[in-house]
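*Asks:* Sharing a structure with you now.
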Amino acid sequence: MTYLGQIYAIVWKDLLLELRTRERIAAMGAFAVLAGILFNYSMDQTVVRAQDIAAGLIWMTLVFGGLLGIGRTFHLEAQDGAFQGVLTSPAPKDAVYIGKVAANFVLLYLVALLVVGVFTLFFGLDLGEHPGMLALALALGSLGFVALGTLFSAVSSGTHMGETLLPILVFPLLVPMVIYGVSATGRLLAGRPVADIVGNLRMLGAFAVLALGVGAVLFRFVVEE
Amino acid sequence: MQSAVTPQAPAVARGAPPVLSARGLTREYGVVVAVDGIDLELDAGDFLTVFGPNGAGKTTLLSLLGGRLKPTRGEVWVGGERLAFSDTAWRARIGVLSHQSFLYAHLTVAENLRFFGKLFGLTDLNERIPDRLEQVGLANRSDVLARQLSHGMRQRAALARALLHDPELVLLDEPYTGLDPHAASVLRGVLSSLKDGRRTVVMVTHNLTQGLELANRLAIQVRGRFGWYGERDAVEPETFEHFYHHVVEAGNA
């Protein structure tokens, strides 16, 4: 119970801090809306069908926008040594990591839903016959993303290059997730049956589980001196 | 004037093991030896102040004693239990107060304490938090954001956080840094309450006056080593500054 309580404490604290400061959700949300507006005006929808390109645009917006927020995961932790206080507690490092991943997931998933909403609004997207499957694909992709993003945010927060370093470290590792995410989303928007995306969903799930496992094991080596 | 106290090895033959003991504690950063073969042993009720110039390795020593830093060589025992970095349960026996508050600026004092209390697995927080805030004189500030507190109040809130889980070992890293005389006096009063015979306290500071006030044991650390380690009663406060400079110069020679 203590282990779950420690995870819950981290999630509660991170979401309460975000509710008070709104610094990450505001940056990610603003990016999502601006990207939607720009894409809307940059494409002639009489030439290119929104259904054909929306999947790539949605995931690109999610990844770039998400990094704006995930990259600042440890920003507030550094103020007045707050994270040092966490490290002096008996909370296992993997519990701290899972708690921060869970809080980041909540934030990123909200942004993912916002991105889909924005693109639906601007492009008049038809979400197909299985919007629940689309939500699942976005959830699995977001989980894999924050699992890696949280780990590498901890790595980059202790460096001079900081947030500049994060995309360089994370983007290459996100390629599999983006490929399967775009593929699943594209097929769903094209009205393909669920059976056509089960493989992609499995790959997204496997990526998320692998990223979580690696992150939980490596996190302690990143945050301990 | 002073006779050095020989640090003893961790006692296993005595009735109760010492609350804190270190043997051959060493931490190296490449070719730099920040802490060099320190031995010490402290029982319940002991208050050790470690003095030393900047760069002497005092904060590194405290980090090693608190298990925040892994020693290159040597070992630390808390309550007869050797600190192992794979297991963090022993951290529940240690409270740390730094010149940084370790508090989240956008959480209230009570929210900070509740958060850290949950990390320590405490279940009686509704009783414990008001009690600790009363102890540090912040009972009427529980709903104030940490960033809205003065530096002195933030240090007292940080002390409430460090004592929340009733640790048997308290580590204080330059707790008076940046405090005005009144705030320092208030904090000193709170720190003196730690001398209740149950706790062991280690404080590092380069302020000789504040460091002498509460301690019953003293150490002067120079270039990673204890240049002198002994009882507080063995020194005269009036001549301690002269003695301190003598030890530092000898250690740097």
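What follows is calculated from the coordinates using simple rules that are stated; it is not laboratory data. Model, not experiment: these values are computed from the prediction. Cβ atoms come from the backbone with ideal geometry, glycine included; neighbour counts cover every protein chain shown.
*Asks:* Report the antiparallel proportion of the DSSP beta bridges in chain B as a percent, rounded to a multiple of 5.
*Replies:* That works out to approximately 55 percent antiparallel.
*Asks:* Here is a further query. Angle check, please: helix B:125-135 long axis (alpha carbons) against the longest principal axis of chain B (alpha carbons), in degrees 0 to 90, nearest 10.
*Replies:* Once rounded, the angle reads 60 degrees.
*Asks:* Follow-up. Which distance in Å, rounded to a whole number, links the C-alpha centroids of the stretch B:108-140 and the stretch A:15-93?
*Replies:* 33
*Asks:* In whole Hz, with x marking every Gly and Pro, tabulate ³J(HN,Hα) for the stretch A:211-216 from phi via Karplus 6.51 cos²θ - 1.76 cosθ + 1.60, θ = phi - 60°.
*Replies:* Rounded to whole hertz, the list is 4, 5, x, 5, x, 5.
*Asks:* For B:VAL96, list long-range residues whose amide hydrogen, built 1.01 Å from N in the peptide plane, is under 5 Å from its own amide hydrogen.
*Replies:* B:LEU171
*Asks:* Sum -39500 (n - 2.57) across every DSSP H segment of at least 4 residues in chain B, then divide by the residue count to get the 222 nm mean residue ellipticity, nearest 500.
*Replies:* That comes out to -9500 deg cm²/dmol.
*Asks:* Right, here's the next one. For labels at A:VAL217 and B:PHE243 in the simple 7 Å Cα→Cβ model, what's the distance in nm?
*Replies:* 5.5
*Asks:* Quick check on packing: order A:179-190, B:64-75 by the mean number of other C-beta atoms within 10 Å, highest mean leading.
*Replies:* A:179-190, B:64-75
*Asks:* Per residue of the stretch A:108-115, in order, report the coupling 6.51 cos²θ - 1.76 cosθ + 1.60 (Karplus, θ = phi - 60°) as ³J(HN,Hα) in whole Hz, putting x for Gly and Pro.
*Replies:* 5, 5, 4, 5, 4, 5, 5, 4
*Asks:* Within the protein assembly as shown, what percent of beta bridges assigned by DSSP are antiparallel, to the nearest 5?
*Replies:* Around 55 percent of the beta bridges assigned by DSSP in the protein assembly as shown are antiparallel ones.
*Asks:* Please compute the average number of Cβ atoms from other chains found within 10 Å of each residue's Cβ in peptide B:109-122.
*Replies:* 5
*Asks:* Also: Name the residue farthest towards the positive end of the dipole of chain B from the options B:GLY55, B:LEU113, B:GLY178, assuming +1 on Cβ of Lys and Arg, -1 on Cβ of Asp and Glu, about the Cα centre.
*Replies:* Projecting each Cα onto the dipole axis, the largest value belongs to B:LEU113.
*Asks:* For helix B:237-252, what angle does its Cα long axis make with the longest principal axis of chain B, in degrees from 0 to 90 and rounded to 10?
*Replies:* 60
*Asks:* Just to confirm the number: angle between the C-alpha axis of helix A:2-21 and the first principal axis of chain A, 0 to 90 degrees, nearest 10?
*Replies:* Approximately 70 degrees, to the nearest 10.
*Asks:* What lysines could a cross-link reach from A:LYS93, if we take a straight Cα to Cα line under 17 Å and drop same-chain neighbours fewer than 8 places away?
*Replies:* Once the sequence-local lysines are set aside, what remains near A:LYS93 is A:LYS13, B:LYS70, B:LYS118.
*Asks:* Averaged across B:66-75, how many Cβ atoms of other chains sit within 10 Å of each residue's Cβ atom? All intermediate terms of the calculation are to be shown ahead of the outcome.
*Replies:* Working: counts 2, 2, 5, 2, 2, 0, 0, 0, 0, 0.
Across B:66-75, the average partner-chain Cβ count within 10 Å equals 1.
*Asks:* Neighbour counts of other C-beta atoms within 10 Å: give me A:TRP12, B:TRP228 arranged from fewest to most.
*Replies:* A:TRP12, B:TRP228
*Asks:* A further question follows. Determine the dipole magnitude for the protein assembly as shown: charges of +1 sit on the beta-carbon of Lys and Arg, -1 on that of Asp and Glu, nothing else is charged, the reference point is the Cα centre, and the result goes in debye to the nearest 20.
*Replies:* The calculation lands at about 680 debye.
*Asks:* Mind checking A:86-98 for the average number of partner chain beta-carbons within 10 Å of each residue's beta-carbon?
*Replies:* 5
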